[in-house]
Amino acid sequence: MRKALRWLLALTVLIGTLSTAGAATAAQPEATGTTASTDVDIKDRLLAIPGMSLIQEKPYTGYRFFVLNYTQPIDHRHPSKGTFQQRITVLHKDTSRPTVFYTSGYNVSTNPGRREPTQIVDGNQVAMEYRFFTPSRPDPADWSKLDIWQAASDQHRIFEALKPIYTKNWLSTGGSKGGMTATYYERFYPRDMDGVVAYVAPNDVVNDEDSAYDRFFTTVGTKECRDKLNAVQREALVRREPLEKKYEAYAADNGFTFTTVGSLDKAYEAVVLDYVWGFWQYSLLSDCAAIPADAATASDQDIWDSVDTISGFSAYTDQGLEPYTPYYYQAATQLGAPTIHFPYIEKQYLRYGYQPPRNFVPSSIPTRWQPGVMRDVDSWVRHHAHHMLYVYGQNDPWGAERFRLGAGARDSYVFTAPGLNHGANVAGLVADEKALATARILEWAGVASTAVQSDPSAAKPLAKFDAKLDRRDAEREPGLRP
């Protein structure tokens, strides 16, 4: 009798699944994390993967959220030469739904969160902490094993481990350095993902040619706003002596040191020179009202507060740099970094200019620039992009050097959200581009309805917006980092 009842229940579930296939509605979550084809709990299925271990499970309505460790080779070319534990998270909805593979390119959040493509496709989400960001760092750390191919191979192994559980379509995504990471993953493992959604991803093809950034800063926003920002930045250097005294007191009060960058003076100038860039990266044109209207007559405190709010005086301290050493190492070896000029600041006020990323990596860690790495990726995207979507913000400095598509690209797109910054997303695009982008994401994920396939203007996210779960703003990081 029990076998007959189980057979009847399985048949009912199967019929129900077939009758709703392709419907453009949000799928109901699995209440217990089980599937129609197995009675094994999803946590047990995840932990049955060799090398997977549980750190913790956190509750969230409609999902199961797991923080996990996964054993990875330090060197994917020589797996026998040691391993490390890499943190990942799984936001589990239902194994019958598509899965979005997200990385910020930095640390992973251990709290439930849903990226825009995950909301659009109403799917599961896997997030990976980038190698060498603590605690996902080998010990001892061989920094030569931190490169874009090794990181892409981390993603590939995670995908291969999870694909037998999450068998439906997969999309990769990320913003800024995460968008770069999603691109590099696609370049090295183009058969893994069914689509890529990369947000505000910089593309520094020629590290020594950064004139695009200088041109950007002559036209972004309005002249009134640009003039106000430039004036405050210049004034912070004119008043270097009194403001550096405040900096000394600030550093002493907080226990900040300056061994890596070399001196408080170098750190101070680095913070000030990030000011204009930082404003456009994280703020909107409307925020210009908060900038001191007349920098020359503003108080020292007003200048300090404005620079600290936008750039952050802790950014280039040893304590501010240490969590981001892996990023600066990669910028100094493969990714490259922008260099811009300040024609409105007299030379006597500039002692160092934009400092190279090598200055922000401890001297004990060797770096060697590897030319041609970014040119290879850029060429691949231009000639081989397939199911790739790039979204940029009109007022985001990082978009001045961006990925572009060539004649070989297929079903791929580059869109720009008007007036938006480093938090640009599909929701911020103009109506027809928003609909097209949403439709393509749904199609690549395998969940586009017949109506959307015939008319992209009908495309909408399948899951309702959740203010606690869905991220919409740029993740603010101190210092000049994508």
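The values are calculated or read from the model by the stated rules, or taken from the named source; none is laboratory data. Small disclaimer: the values here were computed from a predicted structure and weren't measured. FYI the Cβ positions are ideal-geometry reconstructions off the backbone, even for glycines, and counts take in every protein chain you see. Surface accessibility is based on the protein's heavy atoms, side chains included, excluding ligands, DNA and RNA. Shrake-Rupley method; radii C 1.70, N 1.55, O 1.52, S 1.80 Å.
Is it the case that ARG187 is in a helix (DSSP H, G or I), modelled with pLDDT of 95 or more, within 30 Å of the chain's Cα centre (by Cα) and at negative phi? Criteria met by ARG187. Given the condition among the hydrophobic types (A, V, I, L, M, F, W, C), open to solvent by less than 10 Å² (accessible area, probe 1.4 Å), over 17 Å from TRP398 (Cα atoms) and not in a helix (DSSP H, G or I), answer yes or no: does some residue in segment 308-322 qualify? Yes; the residues of segment 308-322 include at least one that is among the hydrophobic types (A, V, I, L, M, F, W, C), open to solvent by less than 10 Å² (accessible area, probe 1.4 Å), over 17 Å from TRP398 (Cα atoms) and not in a helix (DSSP H, G or I). Taking residues in segment 205-220 that are assigned to a helix (DSSP H, G or I), and partners anywhere that are open to solvent by 40 Å² or more (accessible area, probe 1.4 Å) and among the β-branched types (Val, Ile, Thr), not one pair has Cβ atoms closer than 7 Å while being at least 6 places apart or on different chains. Residues of segment 326-343 include at least one that is surrounded by fewer than 16 Cβ atoms within 10 Å (Cβ to Cβ) and farther than 22 Å from GLY178 by Cβ.
Only one entry in LYS228, LYS246, LYS266 is on the phi < 0 side of the Ramachandran plot, out of contact with any helix residue (DSSP H, G or I) (no Cβ under 7 Å at 6 or more places or on another chain), open to solvent by 10 Å² or more (accessible area, probe 1.4 Å) and basic (Lys, Arg), namely LYS266. The set of residues in segment 291-307 that are touching a residue at least 60 places away in the same chain (Cβ under 8 Å), assigned to a loop (DSSP other than H, G, I, E, B) and open to solvent by less than 60 Å² (accessible area, probe 1.4 Å) comprises ILE291, PRO292, ALA298. When restricted to residues that are out of contact with any Pro (no Cβ under 7 Å at 6 or more places or on another chain) and either part of a strand (DSSP E or B) or open to solvent by 10 Å² or more (accessible area, probe 1.4 Å) (or both), segment 387-398 contains 8.
Tell me, please, whether a residue that is aromatic (Phe, Trp, Tyr), at pLDDT 95 or above and under 22 Å from SER153 (Cβ atoms) can be found in segment 68-79. Checking segment 68-79: at least one residue is aromatic (Phe, Trp, Tyr), at pLDDT 95 or above and under 22 Å from SER153 (Cβ atoms). Output the residues belonging to segment 110-131 that are under 21 Å from ALA161 (Cα atoms) and in a loop (DSSP other than H, G, I, E, B). Once the filter is applied, which keeps residues that are under 21 Å from ALA161 (Cα atoms) and in a loop (DSSP other than H, G, I, E, B), segment 110-131 yields THR110, GLY123, GLU129, TYR130, ARG131. The residues of segment 267-284 that are in a helix (DSSP H, G or I) and either basic (Lys, Arg) or over 17 Å from TYR349 (Cβ atoms) (or both), listed by number, are TRP277, GLY278, PHE279, TRP280, GLN281, TYR282. Here is the figure for segment 224-266: residues that are assigned to a helix (DSSP H, G or I) and in contact with a Gly (Cβ under 9 Å, 6 or more places away or on another chain) total 1. The set of residues in segment 169-214 being farther than 22 Å from PRO357 by Cα and aromatic (Phe, Trp, Tyr) consists of TRP170, TYR185, PHE188, TYR189, TYR199.
Comparison of ALA463, ALA448, ALA407 shows that the only residue that is outside any strand (DSSP E or B) and surrounded by 22 or more Cβ atoms within 10 Å (Cβ to Cβ) is ALA448. Confirm whether ILE158 is among the β-branched types (Val, Ile, Thr), modelled with pLDDT of 95 or more and in a loop (DSSP other than H, G, I, E, B). No; evaluated as a whole, the condition is false for this residue.
For VAL238, the test of being among the aliphatic types (A, V, I, L, M), open to solvent by 10 Å² or more (accessible area, probe 1.4 Å), modelled with pLDDT of 95 or more and more than 19 Å from THR99 (Cα to Cα) is passed.
Taken over segment 278-298, residues that are charged (D, E, K, R) and either closer than 14 Å to GLN233 by Cα or within 19 Å of the chain's Cα centre (by Cα) (or both) amount to 1. Residue count for segment 58-98 under the criterion of being closer than 30 Å to ILE120 by Cβ and either touching a residue at least 12 places away in the same chain (Cβ under 8 Å) or open to solvent by less than 10 Å² (accessible area, probe 1.4 Å) (or both): the result is 25.
Based on this model, can you work out whether ALA458 counts as open to solvent by 20 Å² or more (accessible area, probe 1.4 Å) and either more than 30 Å from GLN355 (Cα to Cα) or among the aromatic types (Phe, Trp, Tyr) (or both)? Answer is yes for this residue.
Only residues that are part of a loop (DSSP other than H, G, I, E, B) and either open to solvent by 30 Å² or more (accessible area, probe 1.4 Å) or in contact with a strand residue (DSSP E or B) (Cβ under 6 Å, 6 or more places away or on another chain) (or both) were counted across segment 356-383, and they come to 11. Among the conditions (1) out of contact with any Ser or Thr (no Cβ under 8 Å at 6 or more places or on another chain); (2) modelled with pLDDT under 50, the only one that VAL90 does not satisfy is (2).
Checking the stated criteria, ARG215 turns out not to satisfy the condition of being open to solvent by 60 Å² or more (accessible area, probe 1.4 Å) and either under 30 Å from TRP444 (Cα atoms) or at pLDDT below 95 (or both).
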